[in-house]
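Here is the structure we will look at, set down as structure tokens.
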Amino acid sequence: MQAPMLVLNQNSRRESGRKVQLGNIKAAKTISDVIRTCLGPKAMLKMLMDPMGGIVMTNDGNAILREIQVQHPAAKSMIEISRTQDEEVGDGTTSVIILAGELLKHAEPFLTESMHPTVIIAAYRQALEDAVEILRKDIATPVDTTSHEEMIKIIRSSLATKFMKGWSDLACGIALDAVKCVHMEEKGGHSEIDIKRYAKVEKVPGGSIDESQILDGVMFNKDVTHTGMRRRIENPRILMLDCNLEYKKGESQTNL
């Protein structure tokens, strides 16, 4: 059987073996070190510049890694871990990257001793099962989701390391009320909370953080087109159209 022929770019390099494994670990640790200082109550903010030239200051791991452009496959996988954590859980985007970097760091000595990667992976999976079992039996405590005080404590623990901790009471109340607005009970006692589809953060320039509030309904951020338009209408009648109301000038071609 003839070996397959590979046509590669002139600048491409093909590596294999232990060198690639150690290179992947080095790339993952580099990504972990970028956001290591953003973890904990003494976390520092990172100053980023978005593509439009604006300045963003944040210590959220997912927001920081979103702005990083990398080419290494292992580094891209680390960034994907942070994105998945944000979508599935909504918190812990920094912790999951640092934890992954530490796991790879402690696996490096075993690779240098010629231990097979599958053996290391099997040990990590066994450690995962043991950790989950310990969490369920000895550490985890039941939470009453109908208790306002308990839910506020959980939300506050998530916002304690964020820039909003100065307005913790306001932010926790808004977050809890927003989740209650989009909470839906389905058949079989199953609950669905889809904040990605039904909850939206609308920013209106000119106010302060203390003026933030939750609106149970639909909000459209539109400017007034005439000074005579009313700014407040009680119990309005709303007309919903699927066509434009703008006047379009007809096209005509006339020669004189």
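With respect to the conditions (1) in a loop (DSSP other than H, G, I, E, B); (2) under 30 Å from Asp91 (Cβ atoms); (3) modelled with pLDDT under 80; (4) not basic (Lys, Arg), Gly188 falls short on a single one, namely (1).
In the range 34-48, the residues that are buried (at least 16 other Cβ atoms within 10 Å of the Cβ) form Cβ pairs under 8 Å with partners that are part of a strand (DSSP E or B), at six or more places apart or across chains, as follows: Ile35/Lys46; Cys38/Lys46; Lys46/Met57; Lys46/Thr58. On the basis of being in a helix (DSSP H, G or I), open to solvent by 50 Å² or more (accessible area, probe 1.4 Å) and more than 18 Å from Glu67 (Cβ to Cβ), does Glu87 make the cut? No; evaluated as a whole, the condition is false for this residue. Of all residues in the range 84-102, those that are at pLDDT 80 or above have Cβ atoms under 7 Å from Cβ atoms of residues that are outside any helix (DSSP H, G or I), 6 or more apart or on another chain, in Gln85/Gly92; Thr93/Asp60; Thr94/Ile35; Thr94/Leu39; Ser95/Leu39; Ile97/Ile35; Ile98/Leu39. Here Ile174, Ile209 are screened, and the one residue that is closer than 20 Å to Gly90 by Cβ, surrounded by 10 or more Cβ atoms within 10 Å (Cβ to Cβ) and at pLDDT 80 or above is Ile174.
Scan the range 193-230 for residues that are within 13 Å of Cys181 (Cα to Cα), among the charged types (D, E, K, R) and in a loop (DSSP other than H, G, I, E, B) and jot them down. Matches in the range 193-230: Asp194, Lys200, Asp216. Could you tell me whether any residue of the range 124-135 is basic (Lys, Arg), part of a helix (DSSP H, G or I) and either farther than 24 Å from Glu102 by Cα or under 22 Å from the mean Cα position of the chain (by Cα) (or both)? Checking the range 124-135: not a single residue is basic (Lys, Arg), part of a helix (DSSP H, G or I) and either farther than 24 Å from Glu102 by Cα or under 22 Å from the mean Cα position of the chain (by Cα) (or both). Scanning for something touching a Gly at 6+ places or on another chain (Cβ under 8 Å), touching a residue at least 24 places away in the same chain (Cβ under 8 Å) and not basic (Lys, Arg), does the range 8-29 turn up at least one residue? Scanning the range 8-29 turns up at least one residue that is touching a Gly at 6+ places or on another chain (Cβ under 8 Å), touching a residue at least 24 places away in the same chain (Cβ under 8 Å) and not basic (Lys, Arg).
The values are calculated or read from the model by the stated rules, or taken from the named source; none is laboratory data. Because the structure is a prediction, the values reported are computed rather than measured. Methodologically, a virtual Cβ is constructed for each residue, glycine included, from the backbone with ideal geometry; neighbour enumeration extends over all protein chains shown. For accessibility, only protein heavy atoms count, side chains too; no ligands or nucleic acids. Shrake-Rupley method; radii C 1.70, N 1.55, O 1.52, S 1.80 Å.
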